[in-house]
Amino acid sequence: MKPDERARLASQPTESLVKLMDRIAHRNHALDLGAGNLRDTRFMLDSGFKRVTALDSDLRTAQYAKLLKEPRLTMICEDLHATIFPAGEFDLVNAQSLLYFLDDVADLARVLEKLSRWLKPGGALCANLCGIRHEWHTRDRKRLLFLSREDAEALLSRHFDITEFLEHEFDAHGVMEKKMTHWHNFWITASKK
């Protein structure tokens, strides 16, 4: 992937979130976990959500949020584990490039249960995970979580009805990679049981 293509993709909302949006009937409050450069946050605001809460522990994300000057946006700069929301608060939870940074499978199971609790009945989850054939799994990336498709589906299905589970494998340069990397990712949309 060329640098200009990476920049374009970094500014575009996540494809699975765009596809999911057609199925979101109620657009009161959305949560963007690991909001990063706010690309998905901006998309949710542009898609008519009355409120969007962006959560990221990186102070740069809070600075980006201030630049938006968007009254419907609430920025929370803290770790996901420290965050508490009322049950049934959100119509949509978006978790891109976040869940594979959790400590282990048990931590992921706890977080998925928490996200389910935060969603309204029938609320939607849009997330991605790293698969076990991801090149980083074979390198010294002990801080990342890699799952088989079967394990990912089993964890998700405890609290969610999976509506789409896409598995992609490809070779490309990453944002921080100087050489080609083999990527193995899962793109998931689901609804709260």
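Filter the stretch 11-36 down to the residues that are under 12 Å from the mean Cα position of the chain (by Cα) and assigned to a loop (DSSP other than H, G, I, E, B), then identify the one that is farthest from Ala124 (Cα to Cα). If we take residues in the stretch 11-36 being under 12 Å from the mean Cα position of the chain (by Cα) and assigned to a loop (DSSP other than H, G, I, E, B), then Gly36 is farthest from Ala124 (Cα to Cα).
Hey, does the stretch 61-71 have a residue that's among the small types (Gly, Ala, Ser), surrounded by fewer than 18 Cβ atoms within 10 Å (Cβ to Cβ) and closer than 29 Å to Ala25 by Cβ? Among the residues of the stretch 61-71, not one is among the small types (Gly, Ala, Ser), surrounded by fewer than 18 Cβ atoms within 10 Å (Cβ to Cβ) and closer than 29 Å to Ala25 by Cβ, which makes the answer no.
Which of the residues spanning the stretch 37-55 are surrounded by fewer than 20 Cβ atoms within 10 Å (Cβ to Cβ), outside any helix (DSSP H, G or I), at pLDDT 95 or above and not hydroxyl-bearing (Ser, Thr, Tyr)? Lay out the reasoning, then the answer.
The first filter runs over the stretch 37-55 and keeps only residues surrounded by fewer than 20 Cβ atoms within 10 Å (Cβ to Cβ), leaving 37, 39, 46-48, 50-51.
Next, from what is left, pick out any that are outside any helix (DSSP H, G or I): 37, 47-48, 50-51.
Retained after the next criterion (residues that are at pLDDT 95 or above): 47-48, 50-51.
Passing the criteria: Gly48, Lys50, Arg51.
Mind checking whether some residue in the stretch 100-115 is within 12 Å of the chain's Cα centre (by Cα), on the phi > 0 side of the Ramachandran plot and modelled with pLDDT under 95? The answer is no; no qualifying residue exists.
Within the stretch 56-77, not a single residue is among the hydrophobic types (A, V, I, L, M, F, W, C) and either under 27 Å from Arg149 (Cα atoms) or within 15 Å of the chain's Cα centre (by Cα) (or both).
The values are calculated or read from the model by the stated rules, or taken from the named source; none is laboratory data. Computed from a predicted model, the values in this text were never measured in an experiment. So basically every Cβ, Gly included, is an ideal-geometry build from the backbone, and we count neighbours across all protein chains shown.
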